[in-house]
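For reference, the structure is listed below as structure tokens.
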Amino acid sequence: MPADKKPVKKERRGSPGWMVTYGDMTTLLLTFFILMFTTAEIEGRELRLILSAFRGSFGLRTGGLTLSEGVLAELGHQVESLPAKEQGDKLAKAIEKAVSIFQPEVKSRKVKVTEDERGIVISLVADTFFESGSDELTPEGEIIINKIGAFLSEPEFRGNMIRIEGHTDSTPIASKGGLYGLYPTNWELSTGRAVKIVRIMNEDFNIDGENLQAVGYGEYQPVESNDIEEGRAYNRRIEIIIMRKKEYSL
């Protein structure tokens with residue numbers, strides 16, 4: 001080698017081997033804490049599902065083994081089968097079925113089937129299905145309540161809480177009427193109508209009393225203005241709510 005040339009040192013390309021594992025660990029930790037801080041509420045089983053993704057992923061040779069075997073691994077690999085989605089699918093099918101069953105009443109605007117955060121809501125126009133100022137059902141009311149009872153008795157709703165809510169408009173109960181002793185205010189009238197339906201569901205359709213609720217709101221949850229007759233008619237209603245099930249029980 002000529003005396004005027006110095007040996008050239010070869011630079012090592014790429015990061016050290018330990019940097020790969022360190023970067024992997026840092027990324028996993030960042031992802032974990034983002035999940036923790038951006039999720040409003042994580043149920044116990046969901047948290048265990050997340051944590052299981054980190055088992056065995058911190059070693060030098062076992063990185064990438066993200067899910068342990070068992071029910072949590074199956075949930076992780078088969079997202080489509082998670083209970084939340086299953087219940088959402090069942091709820092959508094139940095709404096379609098309800099609309100089909102009550103189609104004549106829906107078309108005539110006597111019944112409305114909707115969905116909200118509580119579950120499936122079947123709204124009945126009280127003027128059509130109850131005698132004025134009373135909890136007595138009209139002949140048409142008896143027919144629709146029997147259809148609802150048969151619908152709610154189906155196995156797919158077993159375990160769902162059924163909540164019956166009574167509502168009125170803001171018109172006070174007439175003090176000179178014969179029913180004033182039974183229903184001195186709209187509280188009693190709305191509650192009486194809700195209890196009437198609850199008893200029919202329990203006694204005639206064998207729906208477990210533990211899964212039934214009766215609530216009277218009187219005039220205090222209007223859906224339309226009480227200043228016009230049409231609005232008052234919509235406010236005089238019964239809402240039958242098929243409550244959502246809790247997704248997990250630990």
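If a spin label sat at a point 7 angstrom from the Cα of ARG199 along the line to its beta carbon, the backbone N atoms of the range 122-148 nearer than 19 Å would be those of 129-148.
The rule of thumb for compact globular proteins, 2.2 N^0.38 Å, goes into the C-alpha radius of gyration of the range 83-243 1.03 times.
Could you sort 16-27, 183-194, 143-154 so that the peptide with the highest average Cβ count within 10 Å comes first and the rest follow in order?
With the highest mean Cβ count within 10 Å placed first, the list reads 183-194, 143-154, 16-27.
Taking amide hydrogens as placed 1.01 Å from N in the peptide plane, the amide H of GLY216 sits under 5 Å from those of GLY166, each at least 5 positions away in sequence or on another chain. Here the Karplus curve 6.51 cos²θ - 1.76 cosθ + 1.60, taken at θ = phi - 60°, turns the phi angles of the range 214-231 into couplings of 10, 9, x, 9, x, 9, 9, 9, x, 9, 9, 6, 7, 7, 10, 4, 4, x Hz, with x standing for Gly and Pro. Taking the range 83-243 as the region of interest, the number of lysine pairs whose Cα atoms are within less than 27 Å, with members eight or more places apart or on different chains, is 24.
Report note on the peptides 117-126, 131-140: ranked by the mean count of other C-beta atoms within 10 Å, highest first, their order is 117-126, 131-140. Considering only VAL106, TYR220, GLY141, and ranking their Cα positions along the charge dipole of the range 83-243 that arises from unit charges at the beta-carbon of Lys, Arg, Asp and Glu, the one farthest toward the positive end is VAL106. Using the Karplus relation 6.51 cos²θ - 1.76 cosθ + 1.60 with θ = phi - 60°, the per-residue 3J(HN,Hα) values for the range 103-110 come to 4, x, 6, 5, 5, 8, 6, 8 Hz, with x marking Gly and Pro. The label point for ASN206 and the one for THR114, both projected 7 Å from the Cα toward the Cβ, are 3.5 nm apart. Summarising the label geometry, the points placed 7 Å from Cα in the beta-carbon direction at ASN226 and LYS93 lie 4.3 nm from one another.
Peptides 162-168, 93-99, 239-245 ordered by packing proxy, namely the average of other Cβ atoms within 10 Å per residue, highest first: 162-168, 239-245, 93-99.
Each value in this text was obtained by applying a stated rule to the coordinates, not by laboratory testing. Given the structure is predicted, the values throughout are model-derived calculations rather than measurements. A quick note on method: Cβ atoms are made from the backbone with ideal geometry, for glycine too, and the neighbour counts reach across all protein chains shown.
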